[in-house]
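The values are calculated or read from the model by the stated rules, or taken from the named source; none is laboratory data. What you see is a predicted model; the values in this text were computed from it and never measured. Neighbour counts are summed over all protein chains in view; Cβ atoms, including those assigned to glycine, are modelled from backbone coordinates with ideal geometry.
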Amino acid sequence: MRIGSGFDVHAFGTGDHVTLGGVRVPHVRGVVAHSDGDVVIHALCDAIFGALALGDIGQHFPPTDQRWRDADSRQFLRHAAGLMIRHGYRLGNADVTVIGEAPKVSPHAQAMRANLAADLGADVGRISVKATTTEKLGFCGRGEGIAAQACVLLERA
């Protein structure tokens, strides 16, 4: 078995939605990012890359590479899933926590879980997506951005 953890954060900027777990979630702000800024998927990719000892998302998809400008992060997750399979592993489970005061995650959590499960080739029952606030403390609490942390357990296939 292998365990990995990941974390991602993006500042809020102009826009009318954020993308979380591949779901377009209406919000009064967007995020400042090179790709679509999906903190859920970015944290999950880093957890998988970490479990496989294959670096981080920036090494696989450098923000200096214009190919990834405004990219759909689900392609990043499918890449991570492919590496997981090529290295002889399958997803045991994934646990993701979105950190921020807004937007509300719970109305969209099931759709996020379905997207993540599809991209990882896993049963949706192996994917957890939840959220927490920081009780108005720190940059997330002040509404300056949004973050996510993820952990994964990979099992030999």
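Quick one: count up the residues across the range 135-156 that are under 22 Å from Ala47 (Cα atoms) and touching a helix residue (DSSP H, G or I) at 6+ places or on another chain (Cβ under 7 Å).
The first filter runs over the range 135-156 and keeps only residues under 22 Å from Ala47 (Cα atoms), leaving 140, 145-156.
Next, from what is left, pick out any that are touching a helix residue (DSSP H, G or I) at 6+ places or on another chain (Cβ under 7 Å): 145-152, 154.
Total satisfying the criteria: 9.
The number of residues in the range 69-97 that are under 17 Å from Asp38 (Cα atoms) and either surrounded by 21 or more Cβ atoms within 10 Å (Cβ to Cβ) or aliphatic (A, V, I, L, M) (or both) comes to 8. When the criteria are applied in full, Ile41 meets the requirement of being crowded, with 19+ Cβ neighbours inside 10 Å, under 24 Å from Val105 (Cα atoms), modelled with pLDDT of 95 or more and in contact with a Phe, Trp or Tyr (Cβ under 7 Å, 6 or more places away or on another chain).
Filtering the range 63-78 to residues that are under 16 Å from the mean Cα position of the chain (by Cα) and without any contact (Cβ under 8 Å) to a residue 24 or more places away in the chain leaves only Gln75. All told, Thr64 falls short of being within 23 Å of His17 (Cβ to Cβ) and not in a helix (DSSP H, G or I). Taken over the range 67-80, the residue count meeting the criterion of being modelled with pLDDT under 95, assigned to a helix (DSSP H, G or I) and in contact with a His (Cβ under 8 Å, 6 or more places away or on another chain) is 1. Restricting attention to the range 102-151 and to residues that are of a type in the set (D, E, K, R) and surrounded by 16 or more Cβ atoms within 10 Å (Cβ to Cβ), the residue that is nearest to Val25 (Cα to Cα) turns out to be Arg113. Collect the residues in the range 112-140 that are over 28 Å from Arg90 (Cβ atoms) and in contact with an Asp or Glu (Cβ under 6 Å, 6 or more places away or on another chain), keeping them in residue-number order. Answer for the range 112-140, where residues must be over 28 Å from Arg90 (Cβ atoms) and in contact with an Asp or Glu (Cβ under 6 Å, 6 or more places away or on another chain): just Thr133.
Restricting attention to the range 8-44, the residues being over 10 Å from the mean Cα position of the chain (by Cα) and on the phi > 0 side of the Ramachandran plot number 1. Whenever a residue of the range 1-12 is closer than 13 Å to Leu154 by Cβ and touching a residue at least 12 places away in the same chain (Cβ under 8 Å), its partners that are part of a strand (DSSP E or B) and basic (Lys, Arg), lying with C-beta atoms within less than 8 angstrom and at least six residues away or across chains, give the pairs Met1/Arg156. Selection of first residues in the range 36-58 that are over 19 Å from Ala71 (Cα atoms) and free of Cβ contacts under 8 Å to residues at least 40 places away in the same chain and of second residues that are buried (at least 19 other Cβ atoms within 10 Å of the Cβ) and not charged (D, E, K, R), restricted to Cβ pairs under 8 Å at least 6 apart or on distinct chains, gives the following pairs, ordered by first then second residue: Gly55/Phe49.
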